Amino acid sequence: MKLTDISSDINEWFDGSGPLADIVISSRIRLARNLAGYKFLIRCSVAEKSEILKKLKSVLMSLELGDKIFYISVDKAAALDKHFLVERHLISRHHAFGKGPRGVVIAQRESFTAMINEEDHLRIQVLKAGCQLSGCLEQINRIDDMIEQKLDYAFSPRYGYLTACPTNLGTGIRVSVMLHLPALKMIGQIGKFFKATRDMNLAVRGLFGEGTEAAGDFYQLSNQVTLGILEADIVRQFENTIIPEIVEYENAARNQLLASQIDVLDDKISRAMALLKNAQLISSQEALFLLSHLRLGINMHEHLGATTPAIERLYTLVGPADDAERSGGLSITTINRLFMLTLPAHLQLNYGRPLDTTHRDALRAKIIRSALNS
Amino acid sequence: MQCQICNKSEATIHLTEIADGVRTEMHICEHCAAEQGIAVKSQMPINELLSSLLASQPSDEQMLGAMDKELSCPQCGFTLEQFRKEAVLGCGYDYELFEKSLLPLIEKAHNGQTSHCGKIPSKTPTDTKKQIELLNLRQQLDSAVQAEDYELAAKLRDKIMKRGK
């Protein structure tokens, strides 16, 4: 399997489906594990890392994870491929640009990935569209059990699963949800979200772009405590308390826009449309920022019945020829596809060769124009 | 003992000097010491004395730090100094070896928690498994009580009693 086989479309967890998908884009759970009898990676020689990689790769490739399971040798991958894997959330930046023998196993239409020799020997993750954390936990536990049947994990009765960094100790679990919070940002209340996350001891970072920057109003929210708490309890906290609270904030902000700031919403969507339909050069950051407003417009129309002249214009668009929902105007799937396919590495991989920034900006603008003007 | 200079007052200052390998001792009174230009504080308050004594003795934490600083893991060769630099450990045994130094950090990172409750590898020996399961149940009981779910708490308490037998 080649990366270009998947680069021309969005992955399953970003297809706009799943519960609460207008706000909760996707759910993700990852487990950090190390093999018993081996040092942690920082103290491993290249030969030892190769041995771990070989062992884990062979176990993972032998699992019954469906027919489309493939392996990428990250240390040997081209720079563009590494950027693509990071953009696609299949590997971490740390894994892409780390050192030594390392790889990634991808299966189940990108909903399962296993990074070998990242910070820990093994990091497995399951991603699902919308709010589906319980489903993620069930699936990842099943795969973790299958792996554990074939090898021994480093485990201590006192500290649980032993991880290279004490911050992952115990369950080794990281539960995350990707959220789209444009209305909170628009009405100037995103601080409320940050305060809530601080109070609940959660980590926040941007979903796209580098570092903590939340391009396109996409945020990733994760637990920080991994020791002394049951995996199921962390998931329950997210499902019963954290997600409902944040969703309520964003919905209240959307309702406020609808009730008293409809002109602001209409203006934002109109401006976004005008720029996206006409720009000849557009940066990745600007595209994410503007597409975020279109996504908000469509979701507010579909979930809250919002109608403004700009939203009506969105529905007169027929959508691109390859959009299955083209008859209903611009769909969330189309917007999501534009979000992902116009990211720098996606653009270049689909174009067939590396491009400089100006050429990327021109190509991005062209793809967006053709999707919105067709 | 009388002052070696005035031969009158009691000698309260005892000086030992070693020059060119020759050791000489001097026993003098405070008055003569002052005249000789030897500065002596006649009385040191007790609290000052204690604190100066304590300052010369390393605290438990300093001793531990110093001890751990010199420790190097027999399995991976890692030291605490390297952990401070890299923020990751060298092997699973480091958790045991550097436990006292790591524990405050673990506690801080995990909201005061210092022991695992949650998934256990299925290959774990039965006795160990039982112990961890009991820990898990106690943890669940605490959560149930905190959430005021007394029905669940009662069920969990019964389970704990049964397993504890």
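Laboratory data are not the source of any read-out in this text; all were calculated from the coordinates shown. Owing to the predicted nature of the structure, the values given are computational and were not obtained by experimental measurement. Glycine gets a Cβ as well: all are built from the backbone with ideal geometry, and neighbour counts include every protein chain shown.
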_chain A: mean projected area of Cα convex hull, nm²_ = 18.1 nm²
_Above-threshold pairs, the threshold being 22 Å between Cα atoms, out of B:119/B:159; A:49/B:108; A:2/A:150; A:192/B:108; B:129/B:162; A:54/A:99_ = A:49/B:108; A:2/A:150; A:192/B:108
*Under a plain spin-label model, where a point goes 7 Å from the Cα along Cα-to-Cβ, how far apart in nm are residue B:24 and residue B:133?*
8.3 nm
*Once amide H atoms are built 1.01 Å from N in the peptide plane, which residues 5 or more positions from residue A:170, or in another chain, come under 5 Å H to H?*
A:161, A:163
*Within straight cross-link reach of residue A:185, meaning Cα distance under 17 Å, which lysines are found once same-chain residues fewer than 8 apart are removed?*
A:195, A:268
*Would you please give the FRET efficiency between residue A:9 and residue A:369, computed as 1/(1 + (r/R0)^6) with r the Cβ-Cβ distance and R0 = 22 Å, to the nearest 0.05?*
0.65
_Net charge, residue A:261 excluded, C-beta distance under 14 Å - Lys, Arg +1, Asp, Glu -1_ = 0
*asked:* What FRET efficiency comes out for residue B:146 versus residue A:146 if R0 is 45 angstrom and r is the Cβ-Cβ distance? Round to the nearest 0.05.
replied: 0.85
*Which residue, A:87, A:148, A:119, tops the fluctuation ranking in a GNM of chain A built on C-alpha contacts under 10 Å?*
A:148
*Between residue B:103 and residue A:1, how many nm apart are label points set 7 Å from Cα along the C-beta direction?*
4.7 nm
*Using a cut-off of 24 Å between alpha-carbon atoms, which lysines can reach residue B:8, once sequence neighbours fewer than 8 places away in the same chain are excluded?*
B:41
_I'd like the GluC sites (Glu not before Pro) in the range A:1-75 restricted to DSSP loop residues with at most 15 other Cβ atoms within 10 Å, sorted by number._
A:64
*Pairwise FRET efficiency - residue A:312 versus residue A:259, Cβ, R0 = 25 Å, nearest 0.05*: 0.85
*What is the distance, in nm, between label points placed 7 Å from the Cα along the Cα-to-Cβ direction at residue A:245 and at residue A:224?*
1.4 nm
